[in-house]
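Engineer: Pasting a structure below so you can have a look.
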Amino acid sequence: MDAPENSLIPVEFLAKIRSNFPSDFFTTEPDELRSFGRDWTRVYEPKPSAVVFPRTTDEVSRFMKLCSQFAIRVVPSGGRTGLAGGAVSSAGEIVLSLVRMRSIGEVDPLALTLRVQAGAVTQSVHEKCAPLGLTWPVDFASKGSSQIGGNIATNAGGVKVIRYGLTRNWVLGLQVVTMNGDILELNGALEKNNTGIDLRQLFIGSEGVLGVITEATLKLTHLAENLDVFFFGLQDFNSVLNLFREVRRSPFQISAFECLTEACLLAVRENRNVPSPFQQSYPAYVLLELERSPDSTRDIWEPWLSALFEKNLVLDGTWAQSAREARELWVLREGISESLSKLGFVHKNDIALPIANLGPFIEDFEHTFASRHAELKVYLFGHIGDGNLHVNTLMPPHWDRLQFEKTCEQADLDLFHLVQKYQGSVSAEHGIGLLKKKALHFSRTPEEIQCMRAIKRTFDPQGLLNPGKIFD
Ligand SMILES: Cc1cc2nc3c(=O)[nH]c(=O)nc-3n(C[C@H](O)[C@H](O)[C@H](O)COP(=O)(O)OP(=O)(O)OC[C@H]3O[C@@H](n4cnc5c(N)ncnc54)[C@H](O)[C@@H]3O)c2cc1C
């Protein structure tokens, strides 16, 4: 167990690690440093001093206490699928990875709860619950790698927010280790607990700057049995909003309402080698998932679907006839992020608007980008039912990275001013991390940021935990 050359780790600290933790707890192996020092953003050079792999909360607690004593900076790390650089270690910190803390308890069928360690992979939790007809309804394309702790630390959204809400709604209890090594048990498995400030809520969505989440009691719900998936071709973005209005007015339970543009569909088709669902292309597409009651049959949709065409709300449409076809339609939406990353370097924005402001915002956005940033090809998609738009741009093949980043910086300023004008958020679900730090003030007032800093100082007075994330 040696520290790398130029390491910021004191020799006395290393000696304590050696005598108090298992021999495989700590590594400075270059491949591990590279792999655990980054997340999905691929923007920052990974430069951790070391990575540690605790197996228990006690190990996390003793490690954090030691780091506090030696003023060592720590980055909590989950599945590293984050898109804001929150789990990145680029300045010699020690990465605390939760990969070995992945045990999943037994489902409590009466309370509909499940206790897990924070490193449990999101999809494994789904797989544990599914045979019992239950689920933890936090769902998105990266669920095969993301961890429960990361989901909670980012208050993750995803494709089912319109039906179930954000991660915050599905966490009953948390176990958290603070920077000085204290273990906080927050709310246990209580549905109701009005005993002062609910500290659990502070940690949900705090991007690992207040404490390390080590365990959670998750709240479960019943798996929807009959989900029908539709894919529509539409005239433009306004038609997407008109269709959304129509679906909201219907008596049906919406499970997902996702939109994408033709550019996004082409990117997925190119990358995944999948056919288009339609003979011709359309400027915009919607993937709609509706939940049907167990006693109904699929023909309940037919009159309503016909009316969509009669009212010219949609130009084309298809309807999955089997689970396989439903998965194929979902690939067209869920494959976008991955496909764009494979096509080149992607600059991402993840914004939210009040749904009522989406129409005017998009009009303003399209005009601004056409007149001021025509050189950028925009890939627009998102969870429209939640007012959440992903605005991605792909670096053109002949550009160098610096030129692209400078252009995107200008374009971002215009985008964020528009977001502010329409009372939106500069980060809907990915968080602030390192990537959106400069944009925080577009969505939060100086007074709010002051309060956040004061909370940070309470839990981490030396500023050692996930330093430089959210704010400096
Ligand atoms: C293809 C793709 C699709 C995606 N789709 C969505 C989507 O639809 N909706 C959405 O919300 N996100 C989405 N994401 C982003 C990402 O998957 C989520 O933010 C996810 O919740 C991150 O979990 P993770 O375990 O990978 O966290 P990491 O990336 O490892 O970490 C994220 C943040 O949480 C902190 N953290 C991690 N674990 C802990 C812990 N135990 N205690 C304290 N802090 C911790 C880290 O320090 C960091 O700040 C997508 C990502 C990809 C690559």
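Engineer: I'd like the antiparallel share, as a percent to the nearest 5, of DSSP beta bridges with both residues in the chain. Intermediate values should be presented prior to the final figure.
Structural biologist: On the way: 59 of 68 bridges.
Counting DSSP beta bridges with both partners in the chain, the antiparallel share is about 85 percent.
Engineer: Something else about it: In whole Hz and in residue order, list the ³J(HN,Hα) couplings for the stretch 345-351 that follow from phi through the Karplus curve 6.51 cos²θ - 1.76 cosθ + 1.60, θ = phi - 60°; x for Gly and Pro.
Structural biologist: For the stretch 345-351, the Karplus curve yields 7, 10, 9, 10, 9, 9, 10 Hz.
Engineer: Return the equivalent ellipsoid semi-axes of the stretch 1-146 as a descending list in whole Å, where each equals the square root of 5 times an eigenvalue of the C-alpha gyration tensor.
Structural biologist: Details: eigenvalues 196, 70, 23 Å².
The equivalent ellipsoid of the stretch 1-146 has semi-axes of 31, 19, 11 Å.
Engineer: If you don't mind, there's one more thing I want to ask. I need the phi-derived Karplus couplings for the stretch 223-237: 6.51 cos²θ - 1.76 cosθ + 1.60, θ = phi - 60°, integer Hz, Gly and Pro marked x.
Structural biologist: Listing the rounded values in order: 5, 5, 7, 10, 10, 10, 10, 10, 10, 10, x, 10, 5, 6, 5 Hz.
Engineer: Helix 262-272: angle to the longest alpha-carbon principal axis of the chain, degrees 0 to 90, nearest 10?
Structural biologist: Computed tilt is about 60 degrees.
Engineer: Based on alpha-carbon atoms only, what is the radius of gyration of the stretch 11-97 relative to the globular estimate 2.2 N^0.38 Å?
Structural biologist: In units of the globular-protein estimate, the stretch 11-97 measures up at 1.05.
Engineer: Please state the Cα pair-distance histogram of the stretch 113-222 with 5 angstrom bins from zero: what percent is in each bin?
Structural biologist: Answer for the stretch 113-222: a P(r) of 2, 13, 24, 27, 19, 10, 4, 1, 0 percent.
Engineer: Follow-up. Show the residues, 5+ positions off or on another chain, whose built amide H is closer than 5 Å to the amide H of Glu215.
Structural biologist: HN-HN under 5 Å from Glu215: Ala118, Gln175.
Engineer: Still on this structure, I have one more. Given Cα positions, please report Rg to Rh for the stretch 294-358, the hydrodynamic radius being the Kirkwood one.
Structural biologist: 1.09
Engineer: Any idea of His398's accessible area? Nearest 10 Å², probe 1.4 Å.
Structural biologist: Number for this one is 150 Å².
Engineer: Next question, about the same structure. Tell me the accessible surface of Met452 in square angstrom (1.4 angstrom probe, heavy atoms of protein chains only), to the nearest ten.
Structural biologist: Counting only protein heavy atoms, the figure is 50 Å².
Engineer: Which percentage, to the nearest 5, of the DSSP beta bridges contained in the stretch 344-430 is antiparallel?
Structural biologist: In the stretch 344-430, approximately 95 percent of DSSP beta bridges are antiparallel ones.
Engineer: Also, I was wondering about something else. Quick check for you: with a 1.4 Å probe and neighbouring chains kept, what is the accessible area per residue of the chain, in Å²?
Structural biologist: 45
Engineer: Could you tell me whether the stretch 226-337 comes out rounded, prolate or oblate from its Cα gyration tensor? Rule is a ≥ b ≥ c as square roots of the eigenvalues, rounded for a/c under 1.5, then prolate if a/b exceeds b/c, otherwise oblate. Walk me through the intermediate numbers first.
Structural biologist: Details: a/c = 1.89, a/b = 1.29, b/c = 1.46.
The shape class here is oblate.
Engineer: While we're looking at this one, here's another question. Given 37 °C and 0.692 mPa s, compute D for the chain with the Stokes-Einstein relation, Rh being the Kirkwood radius over Cα pairs; round to the nearest whole µm²/s.
Structural biologist: Estimated via Stokes-Einstein, D reaches 139 µm²/s.
Engineer: Give the long-range amide H neighbours of Asn466: residues separated by 5 or more places, or on another chain, with amide H under 5 Å away, using H modelled in the peptide plane at 1.01 Å from N.
Structural biologist: HN-HN under 5 Å from Asn466: Val74, Val75.
Engineer: For the ranges 48-61, 193-206, what's the packing order if you count other beta-carbon atoms within 10 Å of each residue, average per peptide, and put the highest first?
Structural biologist: 48-61, 193-206
Engineer: For Lys160, list the lysines whose Cα falls under 24 Å from its own Cα; do not include residues on the same chain fewer than 8 positions away.
Structural biologist: Cross-link targets: Lys128, Lys143, Lys219, Lys348.
Engineer: Can you give the calculated 222 nm mean residue ellipticity of the chain, where each DSSP H run of n ≥ 4 adds -39,500 (n - 2.57) and the sum is split over every residue, rounded to the nearest 500 deg cm²/dmol?
Structural biologist: It comes out at -10000 deg cm²/dmol, rounded to the nearest 500.
Engineer: Let me ask something additional. Of all the accessible heavy-atom surface of the stretch 368-415, with the other protein chains kept in place and a 1.4 Å probe, what percent is carbon and sulfur?
Structural biologist: Result for the stretch 368-415: 55 percent of the exposed heavy-atom area is carbon or sulfur.
Engineer: Once you have all Cα-Cα distances for the stretch 344-430, histogram them in 10 Å bins from zero and send the whole-percent values.
Structural biologist: Pairs per bin, as whole percents: 17, 53, 26, 4.
Engineer: Turning to a different aspect of this structure: Each residue of the stretch 125-131 in turn: what ³J(HN,Hα) in whole Hz from Karplus with 6.51, -1.76, 1.60 and θ = phi - 60°, glycine and Pro shown as x?
Structural biologist: 5, 4, 5, 5, 7, 4, x
The values are calculated or read from the model by the stated rules, or taken from the named source; none is laboratory data. Everything numeric here is computed off the predicted structure, so don't read it as measured data. Here Cβ is always computed from backbone atoms with ideal geometry, including for glycine, and neighbour counts include all displayed protein chains. Ligands, DNA and RNA are excluded from the accessible area calculation, which covers all protein heavy atoms including side chains. Shrake-Rupley method; radii C 1.70, N 1.55, O 1.52, S 1.80 Å.
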